[in-house]
1. Show LYS13, LYS102, LYS3 ordered by accessible area, largest first, where the area counts protein heavy atoms only and the probe is 1.4 Å.
2. Work out which helices of the chain, taken as complete DSSP H runs, extend at least 15 Å along their axis over the Cα atoms and score a mean Kyte-Doolittle of -0.5 or more, then list them.
3. Over the chain, what is the mean sequence separation of C-alpha contacts under 8 Å (at least six apart), divided by residue count, expressed as relative contact order in percent?
4. If you roll a 1.4 angstrom probe over the protein chains with everything in place, what fraction of the accessible area of the range 1-91 belongs to carbon and sulfur, to the nearest %?
5. Hey, rough spin-label estimate for ARG35 and LEU80, points 7 angstrom out along Cα→Cβ, what's it come to in nanometres?
6. For the chain, what does -39500 (n - 2.57) per DSSP helix run (n ≥ 4), summed and divided by total residues, give at 222 nm, in deg cm²/dmol to the nearest 500?
7. Among DSSP bridges having both ends in the range 4-119, what percentage is antiparallel? Round to the nearest 5.
8. What percentage of all Cα-Cα pairs in the chain are separated by more than 18 Å?
Amino acid sequence: MVKLRLRRKGRKKAAFYDIVAVDGRTRRDGAFIERIGYFNPLTSPSTINIDHSRALYWLNNGAQPTDVVNALLSYDGVLLRRHLGFKMLLRKLLKNLLKNIKQMLQNVMLSINKNAKSVKQKKLPLPKVNNNFR
């Protein structure tokens, strides 16, 4: 499983971190698939730089962020952007679905009107009723 996690860099007591996509079985500072950003907690305020498009790519392909990376992605707006992307996709799908439903209802109403006109023109005879109840 691919994970988004921090990779420690820097010297002793002066660490900064890369945000990387890695195979979940590798060690913390081992080989990584792709570097998507960095986090420097030593600056005031802390520096966060994330490539949003690559982070979204990995999240949409099933990468699981660790707790700290999840918080950083949330703070930088990546998770909000992902949520709004799903919402816009849902909105487009619903809009198309409603359009199709309206078209189907119009077709049904036209066919009902055509059938009603043909029934009125034929004027079917009424059945004879026996009222002899004496």
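1. Reading off the accessible areas and sorting them downward yields LYS13, LYS102, LYS3.
2. Result, helices passing both filters: 78-122.
3. Answer for the chain is 17 percent.
4. Whole-percent figure for carbon plus sulfur exposure: 53.
5. Between ARG35 and LEU80, the simple spin-label model gives 2.8 nm.
6. -16500 deg cm²/dmol
7. 95
8. Counting every Cα pair in the chain, those more than 18 Å apart make up 69 percent.
The values are calculated or read from the model by the stated rules, or taken from the named source; none is laboratory data. Small disclaimer: the values here were computed from a predicted structure and weren't measured. Backbone-built Cβ (ideal geometry, glycine too); neighbour counts: all protein chains shown. What goes into the accessible areas is simple: the full protein's heavy atoms, side chains included, and nothing from ligands, DNA or RNA. Shrake-Rupley method; radii C 1.70, N 1.55, O 1.52, S 1.80 Å.
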